[in-house]
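J.: Got a structure here, written out as C-alpha cells. Questions coming.
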Amino acid sequence: MSDKNMNDKAPELGLPLHESSTADPEEHRSRHHTLRTEIVAFLGELIGTFMFLSLAFSGTQIALNAASPQQLTTTANAVPDVSKLLYIAFAFGVSLAINVAIFAELSGGKFNPAVTAALWLTRKIHWHRAVQTIIAQLIAGIAAAGFVSGLLPGPLIIATKLDPSISIAQGLFLEAFVTTQLILTILMLDAGPSKPMYIGLSLFIAQICSVFFTGGSLNPARSFGPAVVTQFTHYHWIYWIGPLLGSGLASGIYALINWVRRGQV
C-alpha cells in the first residue's frame, strides 16, 4: 500500500496523525482560572466570616457574662449598661475591620448575606458568586457559634433578641435602618487601605444604636448561627427581612445617586 493510501485511510482507522488540537488552550486555562478563583472566594468568605463572628461572639459572650449575666442594663429601671454596649460594639467593629482588611482581596470580605445581596443588586457580583458566598457565610455563622459555645465556659448567650421595650415592627425597621448605614459605607466608598477601618466604624456606630434593642444583628448569618446552636425565637425572621430591606434601600440610594451623577436628570 502506498503512503498516499495509508494517509487517506488513517482518519477512518482512528490512527494518530499528530495534528494540531482544535481545543483552545486559552479557554482551558480560563476555565481552570475561574474555578480556582471561585474556590478561593468561597474559602476566603468561609474563613473570614468564621474569624469575624468568632471574635465578635467571644467579646459579646464576655460582656454579657460580666456582673449581671445576659443583661444589658444596670438597674431594674432598664438603664442601659453603656460599658457593655461599648464592649460589644467595639468587638464587632474591630473584628469586622481587621478581617475585611485580611480577606478583601480573596473574597471581597462581605461576611454578611445582606451585603452580598446589595453587591448583587448593584451588579458588582454575579448571581453564582452571590449564592456560594451566602452559603459560606451561613455555614461559618453556625460554626462560629458552635466554636464559641465549646470554647468559652457557660451557656451560649449571644443570640439576638428583642428588648421587651421594643415591638417586633420597631425591631424590624431599626435593623433595616442600621443595615442601610453599613451597606452605604461599603457601596459609596472607593476601595483603599482605609476602607476596612471605615466599614468597621460603620458597624460600631450601628451596634451602638441597635444592640440594646435588637441585639444589633445587621447580618442574617450573625443571628442564624447562634439560633441553630441554641434556639430560634418566633420573630427570628426580622433578622433576615430587616437587613435585606436595608440592603435593598442602600442599593436603591446608591443607584439613584449614580444615575444623577451620569447626568440623566
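J.: Take the stretch 125-154 and flag every residue that is without any contact (Cβ under 8 Å) to a residue 40 or more places away in the chain, over 15 Å from the mean Cα position of the chain (by Cα) and not in a helix (DSSP H, G or I).
T.: Selection gives 126, 153.
J.: Can I ask one more? So which pairs qualify, if the first residue must be in the stretch 91-114 and in contact (Cβ under 8 Å) with a residue 40 or more places away in the chain, the second must be of a type in the set (D, E, K, R), the Cβ gap must be under 6 Å, and the two must be at least 6 apart or on different chains?
T.: From residues that are in contact (Cβ under 8 Å) with a residue 40 or more places away in the chain, the pairs are 107/45.
J.: Could you please let me know if residue 157 is assigned to a loop (DSSP other than H, G, I, E, B) and β-branched (Val, Ile, Thr)?
T.: Taking the combined requirement at face value, the residue satisfies it.
J.: Consider the stretch 232-265. How many of its residues are under 26 Å from residue 163 (Cβ atoms), free of Cβ contacts under 8 Å to residues at least 40 places away in the same chain and not hydrophobic (A, V, I, L, M, F, W, C)?
T.: 2
J.: Continuing with the same structure: Report the residue count in the stretch 118-140 for those that are touching a Leu at 6+ places or on another chain (Cβ under 6 Å) and crowded, with 23+ Cβ neighbours inside 10 Å.
T.: Looking only at that region, the number is 2.
Only the coordinates and a few stated rules stand behind these numbers; no lab work does. This one's a predicted model, so the numbers in the text were calculated from it and none came from an experiment. Backbone-built Cβ (ideal geometry, glycine too); neighbour counts: all protein chains shown.
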